[in-house]
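Worksheet: one structure, shown below.
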Amino acid sequence: MSARPDMVLLQVSLPPGATLADALDVLGLAEEEVDTGYGLVALLPEAGLYVLRVTEEAGRRAAGQVFSDPRIEPS
């Protein structure tokens, strides 16, 4: 899925070494609810802390901390 304006950042705890497929399975998300181009980003991999971009609806359903994802452009 390409990025959409209604997406948020979802911070989650997963087992260290988790993949995007693991995150989808554990969080019960469908691929169309996730920005697969952004992927699963390890914030603190040794602690199992990750972030991914998901639709607002998916962010409300999934267990994790949701952050806004404002568009960043040069001024």
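The values are calculated or read from the model by the stated rules, or taken from the named source; none is laboratory data. A quick note: this is a predicted structure, and the numbers were derived from the prediction, not measured. Note that we place each Cβ from the backbone using ideal geometry, even for glycine, and neighbour counts take in every protein chain shown. For the accessible areas, the whole protein counts, side chains as well, though only heavy atoms, and no ligand, DNA or RNA atoms are used. Shrake-Rupley method; radii C 1.70, N 1.55, O 1.52, S 1.80 Å.
State whether one or more residues within region 43-58 are in contact (Cβ under 8 Å) with a residue 24 or more places away in the chain, touching a Phe, Trp or Tyr at 6+ places or on another chain (Cβ under 8 Å), surrounded by fewer than 16 Cβ atoms within 10 Å (Cβ to Cβ) and within 13 Å of GLN11 (Cα to Cα).
Yes, some residue in region 43-58 is in contact (Cβ under 8 Å) with a residue 24 or more places away in the chain, touching a Phe, Trp or Tyr at 6+ places or on another chain (Cβ under 8 Å), surrounded by fewer than 16 Cβ atoms within 10 Å (Cβ to Cβ) and within 13 Å of GLN11 (Cα to Cα).
Examine region 12-22 for a residue that is open to solvent by less than 50 Å² (accessible area, probe 1.4 Å) and in a helix (DSSP H, G or I), and state whether such a residue exists.
Checked region 12-22: at least one residue is open to solvent by less than 50 Å² (accessible area, probe 1.4 Å) and in a helix (DSSP H, G or I).
Can you tell me which of (1) among the small types (Gly, Ala, Ser); (2) open to solvent by 50 Å² or more (accessible area, probe 1.4 Å); (3) at pLDDT below 90 is the one ALA62 doesn't meet?
Tallying (1) among the small types (Gly, Ala, Ser); (2) open to solvent by 50 Å² or more (accessible area, probe 1.4 Å); (3) at pLDDT below 90, ALA62 fails exactly one: (2).
Out of everything in region 24-37 that is out of contact with any strand residue (DSSP E or B) (no Cβ under 6 Å at 6 or more places or on another chain) and of a type in the set (A, V, I, L, M, F, W, C), what residue ends up being surrounded by the fewest Cβ atoms within 10 Å (Cβ to Cβ)?
Per the stated criteria, the residue is ALA30.
Going through region 38-75 one residue at a time, which ones are closer than 15 Å to THR19 by Cβ and not aliphatic (A, V, I, L, M)?
Within region 38-75, TYR38, GLY39, PRO45, GLY48, TYR50 qualify.
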